[in-house]
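In what follows, a single structure is set out as structure tokens and then discussed.
Bear in mind that the values in this text are calculations on the coordinates, not laboratory data. This one's a predicted model, so the numbers in the text were calculated from it and none came from an experiment. Positions of Cβ are backbone-derived with ideal geometry, glycine not excepted, and every protein chain shown enters the neighbour counts.
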Amino acid sequence: MKILVANIGSTSLKWRLFDCSNNAERLLHKGGFESVTDYPKAIEDCLAQLRDAKAIASESELAAVGFKTVIAKNVTGCVRLDDKVLAAMEAYKGLAPAHNPAYITGIRLFAQRMPSVPLIGLFETAFYQFAPEAMMRYAVPDSWFAAGIRRWGFHGASHKFIAERSAELLGRQDVAARARQLYLDGGKSPVKGAPLRTISCHLGGTSSITGILSGVAIGCSLGMSPQSGLPHNNRVGDLDSEALPYATKALGITIEEAQRQLTKESGLKGLSGLSNDIREILTAAENGNARARLAIDVYVANARHWIGSYFLELNGIDTLVFTAGIGENRADIRAAICANLDHLGIILDAEKNKATRAVEAVISAENSRVKIMVIPTNEELVVARETKRLLENSPK
Ligand code: AMP
């Protein structure tokens, strides 16, 4: 069973092709294009690369194309991307302006190009379907809630991967299995041992932190849109709701311009005044740039804020996991986040931490109650797995 996972950006197309026959999960091909202006051609070129690499003979070999779709009105989980679902994505495109329009266009083009291949989306909100309502609500009037103004949570594919993989690495196959079939039974399958309490830190261009109880998310730092939570590369993160109307008056700018600045000129870029890439900011901070240092300090303080929140809610944790571009690669950020937490049982092994880059590793000290781990995420694999499960459980 060959499943193509397509990652669609406004000017990029990236893909991974998996062979998911039997119990295999083999990566057959991966590739991508940046600066795409002609999307139909990019899809054609992707298929040509797959044929040239002999990964497929033709697109009729594809069991499905899976997409890491972001958010849709009244739709989540893993679903077939029919016209109704595309209309639901359209209805919420304002919540994910960088992603939904590109996905809608891309999915329609895939549908035109290969009408007989099922197109399936795993929504980034899916992982939070079973989180306690109290963790997902804002204190707004009911009419606002009815309009979709609530926490949704994002990065679901990544945090679900971490939920499964961290449980496997800790020898908790029961929890891994529970996480794996979450979308089939809503996390009802029993856990054999003690509950497994995990905090997953996805630190990248967009950052989020999620608390996970025995494979099931209890909340996410990303709220109604991917604009919230920690500061992101150039997006603001959490902001007081009064700030936006106040800024339009105080700065004499339109609401659209204020939104643009919060989306493109804020986050690490806005704080540092330098760059949206943490590597450049860290180098500047090391060279004495005070704004760069402040940007890092704000980022770390926000990460600790969310870790603290889930630590309390979970009544302590068994494992703290770092993933994504920053989490996998930056030992200095991991060290700053874990500093002075020995009373909570969180103690890094400084040498192991320093030596770990983009590989699976335990980086906590022997005497740390909490296992601190680095686990490279694999969102595309989660999309392929869920796509396969949907095909097997609801054949058309
Ligand atoms: P992601 O969203 O997971 O692709 O992460 C992107 C961000 O992670 C970039 O903006 C960088 O700040 C950081 N990053 C990515 N790769 C590396 C790396 N090899 N070393 C350090 N930081 C990295």
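Which FRET efficiency value, to the nearest 0.05, is calculated for residue 60 and residue 87 with the Förster distance at 41 angstrom and r the Cβ-Cβ distance?
So the FRET efficiency works out to roughly 0.90.
What spacing in nm lies between the two simple spin-label points modelled at residue 51 and residue 239, each 7 Å away from Cα in the Cβ direction?
Placing both labels 7 Å along Cα→Cβ, they lie 4.7 nm apart.
Using Cα pairs closer than 8 Å and at least 6 residues apart in sequence, work out the relative contact order for the chain, in percent.
14 percent
Using a cut-off of under 12 Å, list every residue of segment 229-245 whose amide N is near the label point 7 Å from the Cα of residue 253 along the Cα-to-beta-carbon line.
Counting backbone N atoms under 12 Å from the label point, the list is 236, 244-245.
Just need the relative contact order of segment 34-129 here, percent rounded to a whole number, with Cα pairs under 8 Å and 6+ apart.
Relative contact order of segment 34-129: 38 percent.
Express the Stokes-Einstein translational diffusion coefficient of the chain in µm² s⁻¹, to the nearest whole number, given a Kirkwood radius over alpha-carbon pairs, 10 °C and a viscosity of 1.306 mPa s.
Value of D from the Cα-based Kirkwood radius: 73 µm²/s.
At 7 Å along the Cα-to-beta-carbon direction for both residue 37 and residue 188, put a label point, then send me their distance in nm to one decimal.
Using points 7 Å along Cα→Cβ, the separation is 5.4 nm.
What aspartates and glutamates could a cross-link reach from residue 188, if we take a straight Cα to Cα line under 13 Å and drop same-chain neighbours fewer than 8 places away?
Partners within reach: 174.
Go through 2/54; 14/388; 68/388; 30/388; 41/93 and tell me which ones have a Cα-Cα distance over 22 Å in this structure.
In this structure, 41/93 lie more than 22 Å apart at Cα.
Going by C-beta contacts inside 10 Å, put 46, 220 in order with the fewest on the left.
46, 220
What FRET efficiency comes out for the pair residue 144/residue 301, r = Cβ-Cβ distance, R0 = 35 Å, nearest 0.05?
Here the calculated transfer efficiency is 0.75.
Could you tell me the relative contact order of segment 152-199? Use alpha-carbon pairs under 8 Å, at least six residues apart, and round to a whole percent.
28 percent
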